[in-house]
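Each remark here refers to the structure printed beneath this line.
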Amino acid sequence: LELGSFLTRLVEEHLSTHPDDHALIHLQPSPVPVNALFDRSHLHQIVTVLLTNALVYGHAPHVPAEIRIGVRMDGRTPVIDISDRGPGIPSNQREQLFTPFHTTSEHGTGLGLYIAKQLADANQAQLRYEAVLGGGSRFSLRLSDGQALLNEQL
């Protein structure tokens with residue numbers, strides 16, 4: 001997959017059904033194409049969970065969300081970052097982020113991040129959370145450079 005074009009299509013798809021979110025989502029493309037081996041439907045589901053969570057939880061009360069989606073290379077590793085400017089996740093809840101059925105919402109199932117993590121693992125990727133200095137959250141999906149996946153297929 002070429003990650004920049006994949007994310008552009010995913011954001012356009014989201015905005016086609018949620019046009020009011022247009023001013024809230026900022027796609028930060030990489031200056032060069034970033035390719036990765038990843039199951040397209042798995043990546044779609046992971047990014048959708050992260051984007052939805054950021055839109056719902058990633059802002060202070062009465063302040064619009066501001067979501068940044070970026071693609072970069074970290075050495076040979078393609079990375080997708082999704083960050084917000086919300087209150088962040090309290091340190092006492094971070095250990096349970098990817099635990100099934102853990103939720104702080106009365107409307108959530110507590111399965112979104114758990115499933116996203118399982119799909120990332122199935123594609124030899126790492127899904128991580130980090131607090132952003134000054135407030136906010138960043139979820140980073142570190143994708144395999146593809147060589148390990150190619151070797152597994154041989």
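The values are calculated or read from the model by the stated rules, or taken from the named source; none is laboratory data. Computed from a prediction, not measured in an experiment: that's the story for all the values here. Note that we place each Cβ from the backbone using ideal geometry, even for glycine, and neighbour counts take in every protein chain shown. Just the protein is used for accessible areas: all its heavy atoms, side chains included, with ligands, DNA and RNA removed. Shrake-Rupley method; radii C 1.70, N 1.55, O 1.52, S 1.80 Å.
So here's what we get for this one:
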read-out	value
Positive-end extreme of charge dipole, the chain - chosen from 111, 93, 26 (charges on Cβ)	93
For region 1-144, share of DSSP beta bridges that run antiparallel, in % to the nearest 5	85 percent
Dipole magnitude of the chain, debye to nearest 20 (Cβ charges: Lys/Arg +1, Asp/Glu -1, about Cα centre)	260 debye
Area of residue 66 that stays accessible when all protein chains are in place (1.4 Å probe, Å², to 10)	50 Å²
Residue 24 accessible area, assembled protein chains, probe 1.4 Å, Å²	40 Å²
